[in-house]
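S.K.: Starting off with a structure, shown below.
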Amino acid sequence: MALISPTELTYKAPGTHEENRFEKLHNIVVPSAAKGSELIAQEIADLIRSKQSKNKKCVLGLATGSSPLSVYAELVRMHREEGLSFENVITFNLDEYWPMTKDNLQSYHHFMHENLFDHIDIKPENIHIPDGEVKSSQVRTFCQEYEAKIADVGGLDFQLLGIGRTGHIGFNEPGSNQNSRTRLVNLDHITREDAAEGFQGLEFVPKRAITMGIATVLSAKRVVLMAWGQKKSAVIQQAVEGAITSTLPSSFLQLHKNTTLVLDEEAAADLTRIKTPWLVQTCEWNDKLKYQAVVWLCRKTGKSVLKLTESDYNENALADLLETQSIYDLNIEIFNRLQHTITGWPGGKPDADDSHRPERARPKSKRVIIFSPHPDDDVISMGGTLDRLISQGHEVHVAYQTSGSIAVSNQEALKFIEVACDMMLGAESNTLRDLRNEIDQLKDGEIPSAEIRNLKTIIRQREAIAATRYLGLPDENVHFLKLPFYETGAVKKAPISQDDIDIMNHLIKSIRPHQIYAAGDLADPHGTHRLCIDALQQSLSQLRKEPFLKDCWVWLYRGAWHEYEPYQIDMAVPMSPAQVRRKRRAIFFHQTQKDGVMFQGNDPREFWVRAEDRNRETAAIYRDLGLSDYAAIEAFKRYYY
Ligand code: F6R
């Protein structure tokens, strides 16, 4: 993979090299969002300092959303630890919901103060954020004045941008004009859906916003756009390689000659030079790339591996592959590689030759920890494999990393309180009465008391135990870690701390596993799944000297949202129709998570349907590649640490 590992972001004209000839926007790919954020913060700090040395003001255009969070955290760190001063800085934020009061926790006003302004020495009069409180009749004047203020201070020296799934920059949604300036706009439905989690429901997300225009952004002297995570990959590919069009407002950045995109590997994954590098350059082939290319060729031609012909390779820029190997050998090699990922023995097949199996045969009975970010990811993502591991005699432990309490609705919680009250035949306790009164009075979106959150935690614990019991797991092998980072009571989580890692360390040390399964779901870089895998990575790194870890293999599964690409799968565990039904029943025990649950994302299918569709699709991909035809397959990728 042609990943560049940059140390700085200096702008270079795009499309000048063989490998990026499809690209019309300069971009760099960084190993992680954290690394990218450091580079961006560094560029901003350098700009501030260079302006300071010339006694000049530094005018920054700033963004909100999840993407810039770590950039702001790094700037705050630089202020605290390296003395970076913001005294000469003037800021203009891109946008604000409208109508929106400044003290609303969802306002961008609140966001900017909480994440940046309250922690640095910027002068309050130098902060500009579109005013969500401005009256309807005054919006137009307000917007004109906002533009005038930017012009008065000499224009934006630097504009920081995120990108929405609609391709918006700021809140310039599809349809925005290249000449647009600061104005009131309607938000796209997809944008509102993406914001629904923060607002605790789509109906509470404002329909309008005030945003800088495309022309405002393009007038900045320098623009840096960051994108993290798989959910941005499609829109990034279009913005970088597609035509300039108002249906994808970020494509207008192609007109700006000092724009750099900073992408993590997931966000960059659909760029031609990364997804199919053989289409743009002569590749240095290694086993991984060869495998990726042949699997791609099968899907492109609609043929199974063993039916690929020389013309298929020649006509699809893969003739190189046949230079050192005969087509027969190559097809067989890839076929075998695919076949060797399939196993009905995810914990290893006892007493079998394991040289071509994904897992080791020994020890026969393994100690296994399945880390599940929420109580239900285990059965949704790997219920069939969990079932097999238990029935094949391994010592399986399931560890739920967070309580998942905020995803239990008040109505669900009330139902359980009322069952408890009914059982007490009128002799209900004060606690129950208080809980019922509180739930009755809770407004939508309000953070409930610790007692209610505890009740919701218990509900999810009981659902989880019912599911694991159904699959035959002893209750004592179920662990509820309640990692503290999650327990803010709100959608926004705290960062991972040593307290979280200590809990993980303790469990891993007490079980000394041979296998760990974890959700390697990187789709949402600031979501709970990402924090959960971060906690595991940090824990494994702290425990690396423990002798038992040498024998511990880590397998990643994907969360409910999407599956690994076929060439990324290292272990494919097939399921029969009966096993699919058992998995479905196990998921059903998580009743509070059924039917239009909060935080479902923009996919209206219920979790069990998504899981079944996904597992069926993976099986179909294997079948189409020429492997056996299974009802369903769960997929895993080995993680080397
Ligand atoms: C925020 C803004 C938006 C976001 C975009 C991405 O001020 O103007 O364009 O940058 O919606 O949001 P996240 O970063 O949350 O994915």
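The values are calculated or read from the model by the stated rules, or taken from the named source; none is laboratory data. Small disclaimer: the values here were computed from a predicted structure and weren't measured. A quick note on method: Cβ atoms are made from the backbone with ideal geometry, for glycine too, and the neighbour counts reach across all protein chains shown.
S.K.: I'm trying to understand the selection: among the residues of the stretch 48-70, which are farther than 23 Å from residue 213 by Cα and either under 22 Å from the mean Cα position of the chain (by Cα) or within 16 Å of the ligand (Cβ to nearest atom) (or both)?
M.R.: Answer for the stretch 48-70, where residues must be farther than 23 Å from residue 213 by Cα and either under 22 Å from the mean Cα position of the chain (by Cα) or within 16 Å of the ligand (Cβ to nearest atom) (or both): just 70.
S.K.: Given the criterion crowded, with 22+ Cβ neighbours inside 10 Å and closer than 21 Å to residue 297 by Cα, identify the matching residue among 572, 611, 560.
M.R.: 572
S.K.: Residue check, residue 520 against (1) modelled with pLDDT under 90; (2) closer than 30 Å to residue 105 by Cβ; (3) not polar (S, T, N, Q), all met but one. Which one?
M.R.: So residue 520 meets the others, but not (2).
S.K.: Only strands (runs of 3 or more DSSP E) wholly contained in the stretch 125-223 count here; list those with 1 or more residues that are in contact with a Leu (Cβ under 8 Å, 6 or more places away or on another chain).
M.R.: Ranges flagged: 158-161, 208-211.
This table checks each residue for (1) under 28 Å from residue 241 (Cβ atoms); (2) out of contact with any strand residue (DSSP E or B) (no Cβ under 9 Å at 6 or more places or on another chain); (3) not assigned by TED's automatic domain parsing to the domain that holds residue 92.
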position	(1), (2), (3)
13	yes, no, yes
39	yes, no, no
48	no, no, no
53	no, yes, no
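S.K.: Out of the residues in the stretch 149-180 that are more than 13 Å from the ligand (Cβ to nearest atom) and among the β-branched types (Val, Ile, Thr), state the one that is nearest to residue 219 (Cα to Cα).
M.R.: Applying the filter and picking the extreme gives 150.
S.K.: Here's something else I'd like to know. Being assigned by TED's automatic domain parsing to the domain that holds residue 193, away from the ligand (no atom under 11 Å from the Cβ), out of contact with any Lys or Arg (no Cβ under 8 Å at 6 or more places or on another chain) and outside any helix (DSSP H, G or I): is that true of residue 106 here?
M.R.: In short, yes.
Per-residue answers, yes or no, for (1) within 28 Å of residue 295 (Cβ to Cβ); (2) within 16 Å of the ligand (Cβ to nearest atom); (3) touching a residue at least 12 places away in the same chain (Cβ under 8 Å):
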site: 510; (1), (2), (3): no, no, no
site: 516; (1), (2), (3): yes, no, yes
site: 520; (1), (2), (3): yes, no, yes
site: 527; (1), (2), (3): no, yes, no
site: 531; (1), (2), (3): no, yes, yes
site: 541; (1), (2), (3): no, no, yes
site: 546; (1), (2), (3): no, no, yes
site: 560; (1), (2), (3): yes, no, yes
site: 563; (1), (2), (3): yes, no, yes
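S.K.: For residue 237, indicate whether it is among the polar types (S, T, N, Q), at pLDDT below 95 and surrounded by 17 or more Cβ atoms within 10 Å (Cβ to Cβ).
M.R.: no
S.K.: Among 336, 316, 331, which is the only one that is buried (at least 20 other Cβ atoms within 10 Å of the Cβ), polar (S, T, N, Q), at pLDDT 95 or above and away from the ligand (no atom under 16 Å from the Cβ)?
M.R.: 331
S.K.: Is it the case, given these coordinates, that residue 217 is within 12 Å of the ligand (Cβ to nearest atom), touching a strand residue (DSSP E or B) at 6+ places or on another chain (Cβ under 7 Å) and without any contact (Cβ under 8 Å) to a residue 40 or more places away in the chain?
M.R.: Criteria not met by residue 217.
S.K.: Identify all residues within the stretch 379-402 that are in contact with a Pro (Cβ under 8 Å, 6 or more places away or on another chain) and at positive phi; write none if there are none.
M.R.: none
S.K.: Output the residue which, of all residues in the stretch 371-425 that are assigned to a loop (DSSP other than H, G, I, E, B) and of a type in the set (Gly, Ala, Ser), is nearest to residue 614 (Cα to Cα).
M.R.: The extreme case among them is 404.
S.K.: Continuing with the same structure: Can you tell me which residue in the stretch 181-214 is surrounded by the most Cβ atoms within 10 Å (Cβ to Cβ), limited to those that are aliphatic (A, V, I, L, M) and away from the ligand (no atom under 14 Å from the Cβ)?
M.R.: Of everything passing the filter in the stretch 181-214, 184 is surrounded by the most Cβ atoms within 10 Å (Cβ to Cβ).
Listed here are the residues, each with its yes/no results for (1) part of a helix (DSSP H, G or I); (2) more than 22 Å from the chain's Cα centre (by Cα).
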| site | (1), (2) |
| --- | --- |
| 455 | yes, yes |
| 463 | yes, yes |
| 476 | yes, yes |
| 485 | yes, no |
| 493 | no, no |
| 503 | yes, yes |
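S.K.: Hey, another quick one. If you scan the stretch 236-256, which residues turn out to be in contact with a Ser or Thr (Cβ under 7 Å, 6 or more places away or on another chain), within 14 Å of the ligand (Cβ to nearest atom) and of a type in the set (A, V, I, L, M, F, W, C)?
M.R.: Residues satisfying the conditions are 239, 253.
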